[in-house]
Amino acid sequence: MEKNEFLAELGNLEEEALRAISSSGTLDELENARIKFLGSKGGLNEFSKKMGTLKKEDRPETGRVLNEARGKITSSFSERASLLKEEAEEKEQIDVTLPGRRRKMGSRHLIPKTSAEICSIFERMGFTITEGPEVETDYYNFEALNFPPDHPSRDMQQSLFVGDGLLLRTHTSCVQIRTMEKKKPPVWIVVPGKTYRRDDDLTHSPMFNQIEGLAVDKNITMADLKGVLKSFVEEFFSPRTRIRLRPSFFPFTEPSAEVDIGCVICGGKGCRICKGTGWLEVLGCGMVNPVLYDFVGYDPEEVSGFAFGIGVDRMAMLKYNLDNISRFYSGDARFLRQFP
Ligand SMILES: [Zn+2]
């Protein structure tokens with residue numbers, strides 16, 4: 001056989017093989033093409049045999065061209081094979097007879113949910129919801145609430161300052177002053193919102209949620225305060241919840257009290273949560289210190305009032321029996337899904 005004839009036929013075969021491979025739509029078609037061109041009785045092997053009919057001096061060149069053709073056809077074959085395999089697997093994954101995926105229902109996070117529940121109890125008692133800024137001036141956060149400069153109570157607060165005399169409010173009590181400045185008595189407000197202190201352990205988070213309550217009106221007494229708080233805990237926890245007030249100190253109330261409730265976990269028998277006492281400290285309160293009225297132009301001879309501060313996170317922990325405050329803020333959806 002002549003060299004030129006051999007090379008021309010080989011060129012035709014290569015072209016035909018590449019076309020057959022690229023037009024194979026399935027793995028079976030591709031396998032047929034492989035047998036036809038690369039198989040032991042396939043076209044390329046026929047050319048290997050025909051090499052023997054060539055002149056000796058033409059063999060090196062024709063051998064090289066034959067090897068190149070084999071390489072091209074083989075790699076084209078394996079490329080096509082992996083592409084067709086991928087497509088086949090994708091097709092397998094879609095099973096149109098399967099039922100659709102159900103979307104999970106979202107629900108309200110426990111903290112805003114608890115906050116809204118507490119506020120609505122007070123709304124039913126005649127309080128109005130009010131809000132204020134989270135970045136506060138020293139005046140509203142401390143001074144007008146009777147925390148004089150260098151007063152040791154400012155240390156208790158462990159404030160987070162943001163510069164220029166501004167700080168992240170350490171309590172929602174600031175809104176007391178802001179409201180009384182704008183409005184003549186009677187004032188009956190609850191103030192939900194975020195508050196910030198340098199504090200971080202199992203039961204404290206640097207950011208926590210508080211609800212401040214303030215009532216200023218004619219003839220308000222400590223009995224009104226206790227009655228309002230008693231109604232609140234009975235509604236929030238259970239009608240059998242007991243309450244007791246212990247003397248305490250806050251600069252903006254006089255007298256001041258800590259409020260304990262009968263332990264909602266053990267019913268007063270004593271447990272780990274109440275440290276065996278049967279009582280849980282849940283909030284602070286007191287009669288509005290009359291010095292505050294000077295800052296807002298109220299007449300202490302005309303009006304009196306009470307204030308209280310409720311930790312929302314603590315209330316939620318007690319209500320849902322949780323032992324670690326960080327769960328609220330970890331963003332773990334598995335935790336949140338337990339409370340649909
Ligand atoms: Zn207990």
Calc'd 3J(HN,Hα), the stretch 235-243, phi into Karplus 6.51 cos²θ - 1.76 cosθ + 1.60 (θ = phi - 60°), Hz, glycine/Pro = x, comes to 6, 6, 9, 7, x, 8, 5, 8, 9
Select from the stretch 199-286 those trypsin sites (Lys or Arg not before Pro) which occupy a DSSP coil region and have at most 16 other Cβ atoms within 10 Å, ordered by residue number.
Lys218, Arg240, Arg242, Lys269, Arg272, Lys275
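Return a whole-number percent for the relative contact order of the stretch 276-321, with Cα pairs under 8 Å and 6 or more residues apart as the contact set. Display every interim value, and only then the final one.
Working: 30 pairs, mean separation 21.2, N = 46.
Dividing the mean separation by the residue count of the stretch 276-321 yields 46 percent.
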Among Ile325, Ile94, Ile273, whose mean-square fluctuation peaks in a Gaussian network model of the chain (Cα, cutoff 10 Å)?
Ile94
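Suppose only helical runs count, i.e. DSSP H with n ≥ 4. What mean residue ellipticity at 222 nm does that imply for the chain under -39500 (n - 2.57) per run, divided by all residues and rounded to the nearest 500 deg cm²/dmol?
Values: 12 runs with 141 residues, N = 340.
Value at 222 nm, helices only: -13000 deg cm²/dmol.
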Which value does Rg/Rh take for the stretch 3-93 over its C-alpha atoms, Rh per Kirkwood?
1.09
Output ³J(HN,Hα) for the stretch 166-181: one whole-Hz value per residue in order, computed from phi by the Karplus curve 6.51 cos²θ - 1.76 cosθ + 1.60 with θ = phi - 60°, and x for Gly and Pro.
9, 9, 6, 4, 8, 7, 8, 4, 3, 5, 3, 5, 4, 6, 5, 4
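If we count every other residue with Cβ under 14 angstrom of Ile273's Cβ, Lys/Arg +1 and Asp/Glu -1, where does the sum land?
Numbers: positive: Lys269, Arg272, Lys275, Arg314, Lys319; negative: Asp260, Glu281, Asp323.
So the surrounding residues net to +2.
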So how far, in whole Å, is the C-alpha centre of the stretch 113-192 from the one of the stretch 1-59?
88
Would you tally the net charge around Gly25, using a Cβ to Cβ cut-off of less than 12 Å, leaving Gly25 out, and scoring K and R as +1, D and E as -1?
-2
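Would you please classify the overall shape of the stretch 66-180 from the alpha carbon gyration tensor, given that a ≥ b ≥ c denote the square roots of the eigenvalues, rounded means a/c under 1.5, and beyond that prolate means a/b larger than b/c while oblate covers the rest?
On the way: a/c = 7.21, a/b = 2.60, b/c = 2.77.
Oblate, because a/c is 1.5 or more while a/b does not exceed b/c.
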List the Cys residues of the chain that have no partner Cys with a C-beta closer than 4.7 Å.
Cys119, Cys174, Cys285
So which aspartates and glutamates pass the test for Lys85, namely a Cα distance under 15 Å, with those fewer than 8 places away in the same chain ruled out?
Asp28, Glu29, Glu31
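Can you sort Arg101, Arg34 by how many other beta carbons sit within 10 Å, fewest first? Provide the component values of the computation, followed by the final result.
Details: Arg101 6, Arg34 21.
Exposure proxy ranking, most exposed first: Arg101, Arg34.
In the structure shown, do any of Lys194/Lys218; Lys269/Lys319; Lys3/Lys72 have a Cα-Cα gap over 23 Å, and if so which?
Details: Lys194/Lys218 30 Å; Lys269/Lys319 18 Å; Lys3/Lys72 21 Å.
Check vs 23 Å cut-off fails for Lys194/Lys218.
Starting from the alpha-carbon convex hull of the chain, give the projected area averaged over all orientations, in nm². Provide the component values of the computation, followed by the final result.
Numbers: hull surface 132.3 nm².
For the chain, averaging the hull's shadow over all directions gives 33.1 nm².
Taken together, the values in this text are just the output of simple stated rules run on the coordinates, not laboratory data. Since we're looking at a predicted model, the values are computed, not measured. Here the Cβ is made from the backbone with ideal geometry for all residues, glycine too, and neighbour counts use every protein chain on show.
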